[in-house]
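The values are calculated or read from the model by the stated rules, or taken from the named source; none is laboratory data. These numbers come from a predicted model, not from an experiment. Backbone-built Cβ (ideal geometry, glycine too); neighbour counts: all protein chains shown. All accessible areas refer to the heavy atoms of the entire protein, side chains included, with ligands and DNA or RNA removed. Shrake-Rupley method; radii C 1.70, N 1.55, O 1.52, S 1.80 Å.
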Amino acid sequence: MLRLGNPRRRINLGIIGMTFVLSIFAGRLIQMQGLDSKVYEAAATRQRQHVAEIPARRGSITDVNGHELAVTVEARELSIDPTKVPAASRPAVARVLAQQLGKSEQDIAAKLAKTDTRYQLLARDVDPVVSTRLLQAGIPSLSAEKTYRRLYPAGDLAGSLIGFVGDEGTGLGGMEQMQNSVLAGRDGEQRVETGRDGQRIPMTSSQREAPVDGRDIRLTIDRDIQWAAQKSIADQVRASGADSGAVIVMDVQTARIVAMANAPELDLNDWRKAPASSYVNKATAEVFEPGSTNKVITAAAALEAGAVTPDTVYRVPDSIRCADRVLRDAHAHKVESMTFREAMAQSSNVATIMAARKIGSGRLYQMLKAFGFGTRPGGGLPNAEAGLLPDYRKWSGSQNCTVAYGQGVSVTALQMASVYQTIANGGVKIEPQIVAGATDGSGRFVPAPAGKQTRVVSETTAKEITTMLESAVGAEGTGQLAAIPGYRVAGKTGTADRYDADLGRYNGYTASFVGFAPADKPRLVVLSVVQNPRKGHFGGQLAAPVFKDVMTFAIKSRKIPPTGSDAPPVRARAGQ
């Protein structure tokens, strides 16, 4: 006889099974909604939350009179979601975008074809008017974000000094890089909750941290004098077939840089196409042997030591033996008597060596250091190099002589301009300054502190050297082409062999001139240097005319009158 199973048993087993399954779901639900609810809530919030950067406006750079050299204007960054652009519409969309953005139609079409991504950057630094026009054209999924772009209204004016800003808004050269922390400010951010379509979810929270705009910087540069300096050195570099050139104009009483020009100069509105060599501010970074402009330091050391006076007489041949070398004056001449003053006017290497031997290499080395050789100048100037000043105990036999007239040591144009600022300022060296001041957080202009002052030589020595430098610009001196009618001018020519690092030997020349005016009441120092000219090579021939052009413009621009006094009479004789 067959017996049927007990149905209650099966029902009980089913209930037990269902209860077990439901208890698992209940446990999981308790875990998710109770124990781990905050974890999942935070994860969901992170998925919905979108953080948008709010860029800070970069501060401006102006000249000393407030003329804008670097400014920031509002712009847009355009992007698109290629997956939202129908294949049939892509050619027309690419054509419109290319025309408005000044881009290649093929490049835009290639970006629209990348449907494996939902984001393609189309262009940065787009004018807001162009952006609005495109947004109103009905292009699918086109979006625009507010950004800023950097403009340089003066083009190449002081280009390598000012520098430029990269795509990420960071300074990449010059003052833009040197003062980036001041100019850049701090970006803000906005946190909002968005849905899958990227649109903000209504009634959700929003957190905003406002950006802090960058501060404005005012340089000591005078726009008009900078333009004159740039034009003059560019013309001379072109005319002489030189590799490059530089001009510095410095205020004697403050050591503020009034102009700092290079040739060739960097066009800041097209810096990406310029060679990397033009990014460097050669006036502070290019190192060269100064030649005879360095003789003022030898003169200062000898005068301070009491070893010579301006009227000390030397019997000067046209050559002198120094260790294993015979060193010569620039032009052959018979043995002649000349005072130390005349030797400076005629730029005699031999007489300078004779004076240097009276004080020794150690004392000359200390004077070179006191004038700033071998030390990076302060003052916030970008790319400022220290030059090369070997310890005198390591000088070779001939170097003990050549250093006296500026061969065997290396300087920058800024360092040499500082030497003459010291002489013109009565023997007091002031740390060069390029920043006149900056705005604070409330927009108020705060002047920069004055440069550190150091006495290098006595006022008497400085005045004696000044009279020697006036002789050098006189009728019988090597710097005749630097003379300015109606003004007393003090200055010195320099013609030095040029060391070519690529060739590993001397090749070509460095022609320079540096001086100040009015000589009896100095206001401005001007230095000009021409590197590796092919047509001529003497400093008095190539650099002195640049000095005259720039100094003439500068004293007129600043309305500096002649003193009306006459230069002291000095007996001079024909020289180089």
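Checked against the criterion of being within 15 Å of Ala544 (Cβ to Cβ) and not basic (Lys, Arg), the candidates Ala511, Ala501 yield just one match: Ala511. Checked against (1) open to solvent by less than 30 Å² (accessible area, probe 1.4 Å); (2) at pLDDT 95 or above; (3) of a type in the set (D, E, K, R), Glu459 passes all but a single condition, namely (1). Taken over the range 111-133, residues that are closer than 17 Å to Val96 by Cβ and out of contact with any strand residue (DSSP E or B) (no Cβ under 6 Å at 6 or more places or on another chain) amount to 7.
Comparison of Ala356, Ala384, Ala305 shows that the only residue that is touching a helix residue (DSSP H, G or I) at 6+ places or on another chain (Cβ under 8 Å) and open to solvent by 30 Å² or more (accessible area, probe 1.4 Å) is Ala305.
To keep it simple, each residue is scored yes or no on (1) assigned to a strand (DSSP E or B); (2) over 15 Å from the mean Cα position of the chain (by Cα); (3) under 16 Å from Met416 (Cβ atoms).
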| site | (1), (2), (3) |
| --- | --- |
| Ile225 | no, yes, no |
| Ala228 | no, yes, no |
| Val249 | yes, yes, yes |
| Ile257 | yes, no, yes |
| Ala261 | yes, no, yes |
| Leu266 | no, no, no |
| Ile297 | no, yes, yes |
| Gly306 | no, yes, no |
| Thr309 | no, yes, no |
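Of the residues making up the range 463-476, those that are assigned to a helix (DSSP H, G or I) and either touching a residue at least 60 places away in the same chain (Cβ under 8 Å) or not basic (Lys, Arg) (or both) are Glu464, Ile465, Thr466, Thr467, Met468, Leu469, Glu470, Ser471, Ala472. The selection criterion, being surrounded by fewer than 20 Cβ atoms within 10 Å (Cβ to Cβ), in contact with a Gly (Cβ under 8 Å, 6 or more places away or on another chain) and either under 22 Å from Gly241 (Cα atoms) or modelled with pLDDT under 95 (or both), does not hold for Arg571.
When the range 235-252 is examined, which residues are found to be in contact (Cβ under 8 Å) with a residue 60 or more places away in the chain and open to solvent by 10 Å² or more (accessible area, probe 1.4 Å)? Let's see the steps before the verdict.
In the first step, residues of the range 235-252 are kept if they are in contact (Cβ under 8 Å) with a residue 60 or more places away in the chain; the result is 236-237, 239-252.
Gln236, Val237, Ala239, Gly241, Ala242, Asp243, Asp251, listed by residue number.
The single condition from (1) open to solvent by less than 50 Å² (accessible area, probe 1.4 Å); (2) on the phi > 0 side of the Ramachandran plot; (3) in a strand (DSSP E or B) that Arg150 fails is (2). Within the range 452-462, the presence of at least one residue that is assigned to a loop (DSSP other than H, G, I, E, B) and under 27 Å from the mean Cα position of the chain (by Cα) is confirmed.
For (1) part of a helix (DSSP H, G or I); (2) at positive phi; (3) in contact (Cβ under 8 Å) with a residue 24 or more places away in the chain; (4) open to solvent by 10 Å² or more (accessible area, probe 1.4 Å), each residue gets a yes or a no:
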{"residue": "Ser277", "(1), (2), (3), (4)": "yes, no, no, yes"}
{"residue": "Thr293", "(1), (2), (3), (4)": "yes, no, yes, no"}
{"residue": "Leu364", "(1), (2), (3), (4)": "yes, no, yes, no"}
{"residue": "Gly372", "(1), (2), (3), (4)": "no, yes, yes, yes"}
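Scanning the range 311-331 for residues that are outside any loop (DSSP other than H, G, I, E, B) and not polar (S, T, N, Q) yields Val313, Tyr314, Arg315, Val316, Ile320, Arg321, Cys322, Arg325, Val326, Leu327, Arg328.
With respect to Gln399, is the statement that it is open to solvent by 20 Å² or more (accessible area, probe 1.4 Å) and without any contact (Cβ under 8 Å) to a residue 24 or more places away in the chain true?
Working: open to solvent by 20 Å² or more (accessible area, probe 1.4 Å): yes; without any contact (Cβ under 8 Å) to a residue 24 or more places away in the chain: yes.
It is true that Gln399 is open to solvent by 20 Å² or more (accessible area, probe 1.4 Å) and without any contact (Cβ under 8 Å) to a residue 24 or more places away in the chain.
Which of the residues belonging to the range 463-499 are open to solvent by less than 30 Å² (accessible area, probe 1.4 Å) and more than 23 Å from Ile248 (Cβ to Cβ)? The answer is Ser471, Gly474. Picking from residues in the range 500-532 that are in contact with a Lys or Arg (Cβ under 9 Å, 6 or more places away or on another chain) and more than 30 Å from Thr460 (Cβ to Cβ), the one that is most open to solvent (accessible area, probe 1.4 Å) is Tyr506. Counting only residues that are exposed (fewer than 14 other Cβ atoms within 10 Å of the Cβ), among the small types (Gly, Ala, Ser) and under 27 Å from Ser181 (Cβ atoms), the range 49-90 holds 2 of them. In a residue-by-residue description of the range 412-424, the property of being of a type in the set (Ser, Thr, Tyr), within 17 Å of Phe547 (Cβ to Cβ) and open to solvent by 20 Å² or more (accessible area, probe 1.4 Å) applies to no position.
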